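The values are calculated or read from the model by the stated rules, or taken from the named source; none is laboratory data. What you see is a predicted model; the values in this text were computed from it and never measured. Here the Cβ positions follow ideal geometry from the backbone for every residue, glycine too, while neighbour counts run over all protein chains shown.
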Amino acid sequence: MAGMKDIRNIVILTGAGVSAESGIDTFRGGGLWEQHRVEDVATPEAFARDPDLVLRFYDMRREAIQTRVPNAAHFALAKLDREWPGELLIVTQNVDDLHERAGAKRVLHMHGEHLCAWCTACDERSPWTGPLIDRPACPECGAAALRPDIVWFGEMPYRMDEIFEALERADLFVSIGTSGAVYPAAGFVRNAREFGAETLELNLEPSQGTHWFDEAHHGLATELVTAWVDEMLGA
Ligand SMILES: NC(=O)c1ccc[n+]([C@@H]2O[C@H](COP(=O)([O-])OP(=O)(O)OC[C@H]3O[C@@H](n4cnc5c(N)ncnc54)[C@H](O)[C@@H]3O)[C@@H](O)[C@H]2O)c1
Ligand SMILES: [Zn+2]
């Protein structure tokens, strides 16, 4: 990218597209999601109306991600995280753990995590790999009140203050594998621009906000991200 020598602080936003080549369905790309309307499985109203349906849906997703493995894009980002001397933050909308399993450390899950359960009785979060449909007891308080630790539509994403602080300091904002349809993440490119960062999109196709980016490349995440990381590390 132009001006790359001046880049020290990087914020990377990732979406479902970065995990697509690991065999995890994107939101609009088919699979499990297409058998359900979003408002039937991914809203607090849906959970209140039909908790069994919602718990079963997330139990299937939680089980599925554990059979998947990170791909070259996750590994390239983990390498960048390891070797980049400046500030770096991977803000992910993904609820899978493939960034971590690839070795990335500076990861923030703004939409929660499949492998975590949240107790609505005591408010504690516990690591979780099994199903929730049978209403298991909360490891902290014993109440049968666990729900997926997932930010549903209409709920507030996690750690927005930290994200904005990082955007404010960023010299480069990179958006990878996200459709640009889900706010507030879709607005980060404009926030980053206002804060003076350069902006780069890497996605299979132009996202809804593609015109906000200084530069955009379209293709597979495994190819685009590996090439970009090599460029950043001067390989
Ligand atoms: N893996 C996951 O954790 C997962 C999966 C599905 C949905 N979600 C949730 O649903 C919401 C969906 O928003 P989103 O923008 O992340 O996803 P999205 O499904 O709306 O968009 C995915 C984007 O990735 C692109 N894409 C697909 N395959 C690609 C590839 N191989 N390489 C590069 N790009 C590719 C698509 O063209 C699309 O623009 C998020 O809030 C997220 O929490 C998470
Ligand atoms: Zn509890």
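Determine, yes or no, whether Asp123 is surrounded by 13 or more Cβ atoms within 10 Å (Cβ to Cβ) and among the charged types (D, E, K, R).
The answer is no for Asp123.
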Item to complete: Just need a number here: residues in region 135-162 that are over 25 Å from Leu89 (Cβ atoms) and within 16 Å of ligand 2 (Cβ to nearest atom).
Response: 13
Fill in: Qualifying residues in region 74-133 (those that are outside any loop (DSSP other than H, G, I, E, B) and polar (S, T, N, Q)) - the one farthest from ligand 2 (Cβ to nearest atom)
Thr92
Worksheet item: Somewhere in region 174-190, is a residue surrounded by 15 or more Cβ atoms within 10 Å (Cβ to Cβ) and within 16 Å of ligand 2 (Cβ to nearest atom)?
Response: no
Worksheet item: Can you name the condition, by its number, that Glu194 falls short on among (1) within 26 Å of Glu231 (Cα to Cα); (2) touching a residue at least 12 places away in the same chain (Cβ under 8 Å); (3) not polar (S, T, N, Q)?
Response: (2)
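The rows are residues; the columns are (1) over 14 Å from the mean Cα position of the chain (by Cα); (2) on the phi > 0 side of the Ramachandran plot.
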position	(1), (2)
Leu146	yes, no
Trp152	no, no
Tyr158	no, no
Phe164	yes, no
Leu167	yes, no
Phe173	yes, no
Gly177	no, yes
Tyr183	no, no
Gly187	yes, no
Worksheet, complete the sentence: (1) more than 22 Å from Asp134 (Cα to Cα); (2) surrounded by 21 or more Cβ atoms within 10 Å (Cβ to Cβ); (3) at pLDDT below 95 all hold for Val41 apart from (1)
Worksheet item: Residue check: is Phe47 in contact with a strand residue (DSSP E or B) (Cβ under 7 Å, 6 or more places away or on another chain) and either part of a helix (DSSP H, G or I) or at positive phi (or both)?
Response: yes
